[in-house]
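Please read the structure below before turning to the comments.
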Amino acid sequence: MYTLGSLILLAILLGAVMPVFHSITSTVKLDAIINRLPVIKDHITLAVSILLVWALDISIVSTMTGSMRESWMTIVVDGCIVYGMVPVKDAIVQFISRGLTNLRAA
């Protein structure tokens, strides 16, 4: 249960980091280069997620499955899992906001 909570919190953190990343890239004028390359533009959130896991030095997968062959594999898989949790986080936030709206109406 704590693992699910930490994944949701990391997905929330990723949602907070992305506007900062876009602001920095537009300030430095890198957004035009990023948007010109479709492969980078479409997967920049995944790359930032992997960098976020690396910067925070966390390991989610190894606590559940044990260590992998190489340490970079754990970082990449953890970053992909955090990126994959964004729709789950959005669904939970929408579910909670609907519940609170119904409570206010009652």
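Worth pointing out:
- Secondary-structure-derived ellipticity at 222 nm for the chain, considering helices only, amounts to -26500 deg cm²/dmol, per-run term -39500 (n - 2.57) for DSSP H runs with n ≥ 4.
- Farthest towards the positive end of the charge dipole of the chain, among the residues Leu4, Trp54, Phe95, is the Cα of Phe95, using unit charges on the Cβ of Lys, Arg, Asp and Glu.
- Here the gap between Leu51 and Leu4, fully extended at 0.36 nm per residue and compared with their Cα-Cα distance, gives a gain of 14.9 nm.
- Counting only Cβ charges, +1 for Lys and Arg and -1 for Asp and Glu, the dipole size of region 2-105 around its Cα centre is about 300 debye.
- All Cα pairs of the chain, percent lying beyond 24 Å: 37 percent
- On full extension, the segment bounded by Ser62 and Lys41 gains 4.6 nm, given 0.36 nm per residue less the C-alpha separation.
Each value in this text was obtained by applying a stated rule to the coordinates, not by laboratory testing. All values derive from a computational prediction rather than experimental measurement. Reconstructed Cβ throughout: ideal geometry from the backbone, glycine too, with neighbour counts over all protein chains shown.
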